[in-house]
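Since the structure comes first, as structure tokens, the remarks are kept for the end.
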Amino acid sequence: MADREEPGNRRGETRDERFDRNWTELLQELRVAQTGVQILFAFLLTLPFSQRFAMVTPGQKVTYIVTILCTGLATLFLIAPVSHHRILFRRGRKGELVATSSNLAGVGLWFLWLSIVGAIFLIFQVVVGMSWAVGVSAAFAAAFIGIWYILPTVKR
């Protein structure tokens with residue numbers, strides 16, 4: 001019962017109840033991110049097999065490779081908590097699982113951000129040219145940083 005009296009424990013939860021709630025909340029967040037990264041990854045995986053891909057410039061191919069690597073890394077980090085849970089299941093290590101998975105999710109979101117900006121850059125570069133690609137992808141990069149990181153940090 002002593003851990004119900006911990007400082008900052010406004011919910012009256014035990015440590016295990018808090019870990020369970022944190023794990024459930026993290027899983028809900030990961031479901032959203034995993035869906036996005038999987039759709040982006042599937043789209044990027046099909047590009048080299050389209051007829052038009054043969055016409056991209058060497059620079060565009062580099063952009064594609066960097067973007068797909070970032071998407072692969074985002075996938076790795078965002079799905080890793082599932083594997084960790086399977087391996088640590090019923091081992092009494094929920095606190096460690098939540099902390100590690102939260103860190104993995106944070107890294108995965110950074111790679112997802114880079115992937116989305118890279119995909120936007122590549123598409124705009126191919127469709128309307130370099131100046132549009134730079135402007136639009138820079139605007140999206142700034143929007144992501146502002147909305148995903150700065151706004152919640154300020155509210156914290």
In the stretch 27-54, residue farthest from V117 (Cα to Cα) [restricted to those that are of a type in the set (F, W, Y) and open to solvent by 50 Å² or more (accessible area, probe 1.4 Å)]: F49
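Yes/no matrix, rows are residues, columns are (1) farther than 28 Å from F53 by Cβ; (2) open to solvent by less than 50 Å² (accessible area, probe 1.4 Å); (3) more than 13 Å from the chain's Cα centre (by Cα):
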{"site": "C70", "(1), (2), (3)": "no, yes, no"}
{"site": "L88", "(1), (2), (3)": "yes, yes, yes"}
{"site": "V98", "(1), (2), (3)": "yes, yes, yes"}
{"site": "V126", "(1), (2), (3)": "no, yes, yes"}
{"site": "V134", "(1), (2), (3)": "no, no, yes"}
{"site": "I147", "(1), (2), (3)": "yes, no, yes"}
Count of the stretch 55-65 residues which are open to solvent by 80 Å² or more (accessible area, probe 1.4 Å) and under 27 Å from A105 (Cα atoms): 2
Condition test on V107, is it more than 13 Å from the chain's Cα centre (by Cα), within 21 Å of Y149 (Cα to Cα) and touching a residue at least 12 places away in the same chain (Cβ under 8 Å)? no
So which of L78, L73, L47, L40 is more than 29 Å from S101 (Cα to Cα), touching a helix residue (DSSP H, G or I) at 6+ places or on another chain (Cβ under 8 Å) and part of a helix (DSSP H, G or I)? L47
Which of the residues that make up the stretch 72-86 are free of Cβ contacts under 8 Å to residues at least 12 places away in the same chain and open to solvent by 80 Å² or more (accessible area, probe 1.4 Å)? R86
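The values are calculated or read from the model by the stated rules, or taken from the named source; none is laboratory data. Keep in mind it's a predicted model, so treat the numbers as computed, not measured. Every residue, glycine as well, gets a Cβ built from its backbone with ideal geometry; the counts of neighbours run over all protein chains shown. Accessible surface areas use protein heavy atoms only, side chains included; no ligands, DNA or RNA. Shrake-Rupley method; radii C 1.70, N 1.55, O 1.52, S 1.80 Å.
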